[in-house]
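Q: Just passing along the structure, written as structure tokens.
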Amino acid sequence: MTRILLSWVGRADFEGMKSDGGERMPGPVARALDDLPFDAVSLLSNYPAAQSDRYLRWIRKRTGLDVRLQKVKLSSPTEHGEIYPVAIAEIERLQEEHGHALDLTFHLSPGTPAMAAIWVLLAKARIGARLIQSSAEEGVVEARIPFEISMEYIPDVYMQADVAASRMSLAAPPAAAEFDDILHQSDVMKRLLGRAKRVAIRSVPVLIEGPSGTGKDLLARAIHRAGPRADEPFVAVNCGAIPENLIESELFGHVKGAFTGAGRDRRGHFEEAGEGTIFLDEVGELSAPAQVKLLRALEEKRIVRVGTSEEIPVDARVIAATNRNLQQDVADERFRADLYYRLAVAVLRLPPIVERHGDLGLLIDYFLDEINGESAAEPGHVEKNLTVGAKRVLLNHSWPGNVRELRNTLTRAVLWSNGAEIGEDDVREAVQPVVVGGAGRRDAGATGADRAAGHAGVDLLDRPLGNGFNLEDLLDDIARRYLVRGMREAGGKKTGAAELLGFEHYQTLTNWLKRLGVEG
């Protein structure tokens, strides 16, 4: 890896040139180069050319390093809109020159607060660089900035588009602290949560769609807490985990003696929810008979316990969630149209990670801090940090399991890494390989992870350049998806898959599967 310090040159750096006689401390850049190992330095300066050249000669002589200084003109050193493109241009130049071997560090101390804000923005949301800062008291230290604080650094100029979009809407969504747990800064999530806040204050049914692992349960709970029923119970039901012969009893309850094992009266989930919210997770997994019974309960707002004919009124708000395409299921007559329209009054679609541009870096930082905090009391725990290369691997992964897969991967990386740093190899080992299903698999039964992989497949052809983009990794991702498809269509048989994929021998396919981490 080529370790490069990227920094603005500030007033303290010019004043530090006088320190060789021992009268002053060296400036922030010089102190960083004294204390930390770097292979090269890239500096940006908006000071006069003669002054900048004098500093360049001084720092080269002092350090003996390869130092490059780019002179730029800014109308103001606090103009975010001018600082940002200058920083991006220099980063792109370094990425083009060093490619995958680039290990970037941004120095926050030199320059103006606006310049520091841009470094934080780029490191947290786009580049994945390390941040350092220096002071006379503490010397040079790594700047550990949680994403909540980094968001405060981001200048207002980058929020203006969102403000304009809000003004164009009929009304701005109501403020709701209940949604603060949903980490985001992407436009797609801002729009989604804006709709969710509007829906929350009404008691209409909500259908949350999205691949597995995207946080449908978290969104449902936020809607409940932000609504008029917040003080009432929130009852979550996993419809896909209830055996068919128990679904009616679980939802509506039963009386003593209604069936073998019913030793006492039992309230169902609808009664337990009362006037609160019942969350029907994986509602698309309900069988046809169960759909009929649920529809009747929603239409009549009455339920009947198993073993009796007595009707009990219910008034719970219904929030349903699914990782299936219910509209397609309705068209294929696998899901009742009348039940779908009863549930889908307000439809919210949670996007997979690959569609949440700008959120992945925030989620990585947040989860790593959370995992470190949870592990702090364990014997021998060492707080872990990601190297720049390791974070780049995470940023380039397609995350078919979405937020859930991301957190589990970081947990494994923390457990399996030695020392305080999590490296590229640690992350690659922690990422679970794609598992190919057998011959019995049906498209209709595809999991949310499969559908997320489909979204990622589209994203493979439209990824932005820069920001750690690596063509070799992209080509591996494309190959991996065709390997998965070939194995699936061949029913898990390598000979058939090799023929479908154009390999002359199945052993060639085996080598590809092994290299790209695809398991049969």
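The values are calculated or read from the model by the stated rules, or taken from the named source; none is laboratory data. Every value quoted in this text rests on a predicted model; they were computed, and no experiment measured them. Don't worry about glycine lacking a Cβ; one is built from the backbone with ideal geometry, like all the others, and counts go over all protein chains shown.
Q: Starting from residues that are of a type in the set (Lys, Arg) and within 29 Å of Pro211 (Cα to Cα), keep the ones in the stretch 300-325 and report whichever is surrounded by the fewest Cβ atoms within 10 Å (Cβ to Cβ). Working first, answer last.
A: Here is the first cut: in the stretch 300-325, the residues of a type in the set (Lys, Arg) are 301-302, 305, 317, 324.
Checking which are within 29 Å of Pro211 (Cα to Cα) leaves us with 317, 324.
Details: Arg317: 22, Arg324: 20.
The selected residue is Arg324.
Q: Restricting attention to the stretch 377-400, which residues are surrounded by 14 or more Cβ atoms within 10 Å (Cβ to Cβ) and on the phi > 0 side of the Ramachandran plot?
A: Within the stretch 377-400, just Trp399 meets the criteria.
Q: Please enumerate the residues belonging to the stretch 330-350 that are closer than 25 Å to Asp477 by Cβ and crowded, with 21+ Cβ neighbours inside 10 Å.
A: So the first thing to find is which residues in the stretch 330-350 are closer than 25 Å to Asp477 by Cβ, and the list is 349-350.
Selection gives Leu350 alone.
Q: What is the one condition in (1) surrounded by fewer than 15 Cβ atoms within 10 Å (Cβ to Cβ); (2) under 24 Å from Val141 (Cα atoms) that Ala32 does not satisfy?
A: For Ala32, the failing item is (1).
Q: Right, here's the next one. Here's a check for you: in the stretch 486-495, which residue that is assigned to a helix (DSSP H, G or I) and at pLDDT below 85 is farthest from the chain's Cα centre (by Cα)?
A: Glu489
Q: Residue check: is Ala413 buried (at least 21 other Cβ atoms within 10 Å of the Cβ), of a type in the set (A, V, I, L, M, F, W, C) and touching a strand residue (DSSP E or B) at 6+ places or on another chain (Cβ under 8 Å)? Quick ask: steps written out before the conclusion?
A: Details: buried (at least 21 other Cβ atoms within 10 Å of the Cβ): yes; of a type in the set (A, V, I, L, M, F, W, C): yes; touching a strand residue (DSSP E or B) at 6+ places or on another chain (Cβ under 8 Å): yes.
Here the answer is yes, as Ala413 does meet what is asked.
Q: Select from the stretch 330-344 the residues that are of a type outside the set (Ser, Thr, Tyr) and assigned to a helix (DSSP H, G or I) and write down the one among them that is nearest to the chain's Cα centre (by Cα).
A: Step one: list which residues in the stretch 330-344 are of a type outside the set (Ser, Thr, Tyr), which gives 330-339, 342-344.
Of the ones still in play, those that are also assigned to a helix (DSSP H, G or I) are 330-331, 337-339, 342-343.
Working: Val330: 31, Ala331: 32, Ala337: 33, Asp338: 35, Leu339: 32, Arg342: 31, Leu343: 28 Å.
It comes out as Leu343.
Q: How about the stretch 330-373: which of its residues are among the β-branched types (Val, Ile, Thr) and in contact (Cβ under 8 Å) with a residue 24 or more places away in the chain? So that I can check it myself, show each step before the final result.
A: Narrowing the stretch 330-373 to residues among the β-branched types (Val, Ile, Thr): 330, 345, 347, 353-354, 364, 371.
Within the stretch 330-373, Val345, Val347, Ile353, Val354, Ile364, Ile371 meet the criteria.
Q: Here's a follow-up. On the basis of being part of a loop (DSSP other than H, G, I, E, B), more than 24 Å from Thr214 (Cα to Cα) and either free of Cβ contacts under 8 Å to residues at least 24 places away in the same chain or not assigned by TED's automatic domain parsing to the domain that holds Pro211 (or both), does Gly257 make the cut? Reasoning before the result, please.
A: Working: part of a loop (DSSP other than H, G, I, E, B): yes; more than 24 Å from Thr214 (Cα to Cα): yes; either free of Cβ contacts under 8 Å to residues at least 24 places away in the same chain or not assigned by TED's automatic domain parsing to the domain that holds Pro211 (or both): no.
Spelling it out, it is not the case that Gly257 is part of a loop (DSSP other than H, G, I, E, B), more than 24 Å from Thr214 (Cα to Cα) and either free of Cβ contacts under 8 Å to residues at least 24 places away in the same chain or not assigned by TED's automatic domain parsing to the domain that holds Pro211 (or both).
Q: Further question on the same structure: If we only count strands (runs of 3 or more DSSP E) wholly inside the stretch 100-217, which ones have 1 or more residues that are modelled with pLDDT of 75 or more and not assigned by TED's automatic domain parsing to the domain that holds Phe279? Full working, then the answer.
A: Details: elements: 102-107, 130-135, 139-142, 206-209.
Fully inside the stretch 100-217 and qualifying: 102-107, 130-135, 139-142.
Q: So if I check each of Ala230, Ala297, Ala290, Ala236, which one is modelled with pLDDT under 95, surrounded by 16 or more Cβ atoms within 10 Å (Cβ to Cβ) and out of contact with any Cys (no Cβ under 9 Å at 6 or more places or on another chain)? Outline the logic, then answer.
A: Details: Ala230 fails: surrounded by 16 or more Cβ atoms within 10 Å (Cβ to Cβ); Ala290 fails: out of contact with any Cys (no Cβ under 9 Å at 6 or more places or on another chain); Ala236 fails: modelled with pLDDT under 95.
Answer to the selection: Ala297.
Q: Suppose the filter is touching a Pro at 6+ places or on another chain (Cβ under 9 Å) and part of a loop (DSSP other than H, G, I, E, B); does His357 pass it?
A: On the way: touching a Pro at 6+ places or on another chain (Cβ under 9 Å): yes; part of a loop (DSSP other than H, G, I, E, B): yes.
Considered against the rule, which asks whether it is touching a Pro at 6+ places or on another chain (Cβ under 9 Å) and part of a loop (DSSP other than H, G, I, E, B), His357 comes out as yes.
Q: Considering only residues of the stretch 4-18 that are without any contact (Cβ under 8 Å) to a residue 60 or more places away in the chain and touching a helix residue (DSSP H, G or I) at 6+ places or on another chain (Cβ under 8 Å), which is nearest to Arg31 (Cα to Cα)? Reasoning before the result, please.
A: Here is the first cut: in the stretch 4-18, the residues without any contact (Cβ under 8 Å) to a residue 60 or more places away in the chain are 11, 14-18.
Now drop any that are not touching a helix residue (DSSP H, G or I) at 6+ places or on another chain (Cβ under 8 Å), which leaves 14, 16-17.
Values: Phe14: 13, Gly16: 10, Met17: 11 Å.
Filtering first and then ranking leaves Gly16.
Q: Within the set of pairs 6+ apart or on separate chains, which have a first residue in the stretch 399-420 that is more than 19 Å from Leu363 (Cβ to Cβ), a second that is surrounded by fewer than 21 Cβ atoms within 10 Å (Cβ to Cβ), and C-beta atoms under 6 Å apart?
A: Sorted first by the residue in the stretch 399-420, then by its partner, the pairs are Ala420/Val382.
Q: While we're on this one: Being of a type outside the set (A, V, I, L, M, F, W, C) and modelled with pLDDT under 90: is that true of Pro37 here?
A: no
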